[in-house]
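Data first, discussion second: the structure below is written as structure tokens.
The values are calculated or read from the model by the stated rules, or taken from the named source; none is laboratory data. Being a predicted model, the structure only gives us computed values, none of them experimental. No Cβ is skipped: glycine too gets one built from the backbone with ideal geometry, and neighbour counts run over all protein chains shown. These accessible areas exclude ligands, DNA and RNA; they are computed on the full protein's heavy atoms, side chains included. Shrake-Rupley method; radii C 1.70, N 1.55, O 1.52, S 1.80 Å.
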Amino acid sequence: MSGLNEQWLDLRSDTVTRPSAAMRAAMHAADVGDDVYGDDPSVNQLQDYTADLFGYEAALFAPSGTQSNLLALLAHCGRGDEYLVGQDAHTYRYEGGGAAVLGSIQPQPISNQPDGSLALTDIAAQIKPDDIHFARTRLLALENTIGGKVLGLEYLQQATALAHERGLATHLDGARICNAAVKLGVSPRAAVAGFDSVSVCLSKGLGAPVGSVLCGSKPLIAEAKRWRKMLGGGMRQAGILAAGGLYALQHQYARLAEDHENAAYFASELAKVKGITVSTPQTNIFYVDIPADACRGLNDVLQLTRIRVSMAPRLRIVTHMDTSRDDIERAITVFGDFFG
Ligand SMILES: *Cc1c(COP(=O)(O)O)cnc(C)c1O
């Protein structure tokens, strides 16, 4: 695990973590088979474990969260159908328009409220009547956490109930649902209650190298499996990857609280620095607004001190299992010196 990356403190995303020795050992030891035939015991174990953890009948391992979300959209909706989704949602904004391009599914974006939710009145207003002029509204897709913000259980219950009353299915982009569950202090099952499907990312805060898992009913997952094959996501001895994911769920779930504490500490210390505005993190992500003229100089300093952050469109900081409290103290000093 040597190399240049080791010397950088990488706060761009929680996707940058590298597998620990124990995770690598689990991957090394994984029993494997051909998963396209359904023969990979480690993939099957991950799928069974995840389905049970989140309270669904079945689950499917996918190479990425983007593909896992797309599988859900394709399984829920057909050509000419429509899904309701947030303007800022990953499935709408950051997945290359896959639902429209590959599924002929029309997105109906709805402005996200400041707390990340979609207003119930906006959802209701966008459900189209049965009329040949309109696409058929089939699905409500929400995201939790969204931009690091946690949607509350009461809101989720209301939104999913509204969708179901109106005959829509519900999908949750739960790339960081484990962060949400830990923050809410509820079980994974409680965090996804009301959703017909959920996509869970293993390679973000949970720290696995690759993969997401889509959970849903048996028929939905059977349909998703057809699409996964068509999209080229049918992998062979994928158990090596699945074992890393299973290890992550079993051993690196509870420690997400540490990332939240580190983000809270980091943000509260940065908030003392004059001239910048710091958002209050709810989980492991926060944003820092810096006067435009300061950005260039800061970039050079971060380069020099080997700290990476996301700068566009806003400065974003993400804590994760490879950022220790000492690392964060160092970053606080760098920011403090720059603005001090
Ligand atoms: C990262 C992310 C995805 C996509 O996951 P990839 O594995 O990067 O394709 C989907 N939704 C949300 C909310 C994400 O943060």
| said: If you count only protein heavy atoms and use a 1.4 Å probe, how large is the accessible surface of CYS201, to the nearest 10 Å²? | reply: 10
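Ignoring ligands, DNA and RNA, what percent of the accessible area of the range 31-251 is carbon or sulfur (1.4 Å)?
Numbers: 4440 of 8970 Å².
Carbon with sulfur: 49 percent of the solvent-accessible area.
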| note | Simple SL model, points at 7 angstrom along Cα→Cβ for GLU154 and ALA119; separation in nm is 1.9
| Sorting ASP289, ASP35 by accessible area (1.4 Å probe), largest first, what list results? | ASP289, ASP35
| request: Provide Rg over Rh for the range 50-188; use the alpha carbon set for both Rg and the Kirkwood Rh (inverse mean inverse pair distance). | output: 0.94
| request: Give me the distance in nm between label points sitting 7 Å out from Cα along the Cα-to-Cβ direction at ALA222 and ARG93, one decimal. | output: 3.8
| query | Fully extended, how many nm does the chain gain between LEU102 and HIS133 (0.36 nm per residue separation, minus their Cα-Cα distance)? | reply | 8.9 nm
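Trypsin sites (Lys or Arg not before Pro) within the range 238-340: which are DSSP loop residues with at most 15 other Cβ atoms inside 10 Å?
Details: sites: ARG255, LYS272, LYS274, ARG296, ARG306, ARG308, ARG314, ARG316, ARG325, ARG330; in loops: ARG255, LYS272, LYS274, ARG306, ARG314.
Those satisfying the criteria are ARG255, LYS272, LYS274, ARG306, ARG314.
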| request: With all protein chains present, calculate the accessible area of MET230 using a 1.4 Å probe and round the result to the nearest 10 Å². | output: 140
| How much solvent-accessible surface does LYS149 expose, in Å² to the nearest 10, with a 1.4 Å probe and all protein chains in place? | 80
| Taking the simple approach of a point 7 Å from Cα along Cα-to-Cβ for both LYS274 and ARG330, what is their distance in nm? | 2.9
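Counting only heavy atoms of protein chains, what accessible area per residue, in Å², does the chain have with a probe of 1.4 Å?
Details: 15140 Å² over 340 residues.
On a per-residue basis, the chain sits at 45 Å².
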| field | Cα-based convex hull volume of the chain per residue, rounded to whole Å³ | value | 137
| query | At 222 nm, what helix-only mean residue ellipticity would the chain give, in deg cm²/dmol to the nearest 500, using -39500 (n - 2.57) for each DSSP H run of four or more? | reply | -12500 deg cm²/dmol
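Stretch ARG308-ALA294 to full length: gain in nm at 0.36 nm per residue minus the Cα-Cα span? If you can, show how the numbers build up before the last one.
Values: separation 14, 0.36 × 14 = 5.04 nm, distance 1.63 nm.
Taking 0.36 nm per residue and subtracting the Cα distance, the gain is 3.4 nm.
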| remark: Between VAL301 and GLU261, the FRET efficiency computed from the C-beta separation at R0 = 35 Å comes out, to the nearest 0.05, as 0.85
| note | Taking R0 as 25 Å and r as the Cβ-Cβ distance between GLU165 and VAL186, the FRET efficiency 1/(1 + (r/R0)^6), rounded to the nearest 0.05, comes to 0.60
| query | If the cut-off is a Cα-Cα distance under 17 Å, which lysines reach LYS149, setting aside same-chain residues fewer than 8 apart in sequence? | reply | LYS183, LYS204
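Mind checking the dipole of the chain: about its Cα centre, +1 per Lys or Arg Cβ, -1 per Asp or Glu Cβ, Debye to the nearest 20? Show your work: numbers first, answer last.
Details: 30 positive and 37 negative charges, 77 e Å.
I would put it at about 380 debye.
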| message | Below 8 Å between Cα atoms, with a sequence gap of 6+, how large is the relative contact order for the range 31-251 in percent? | response | 31
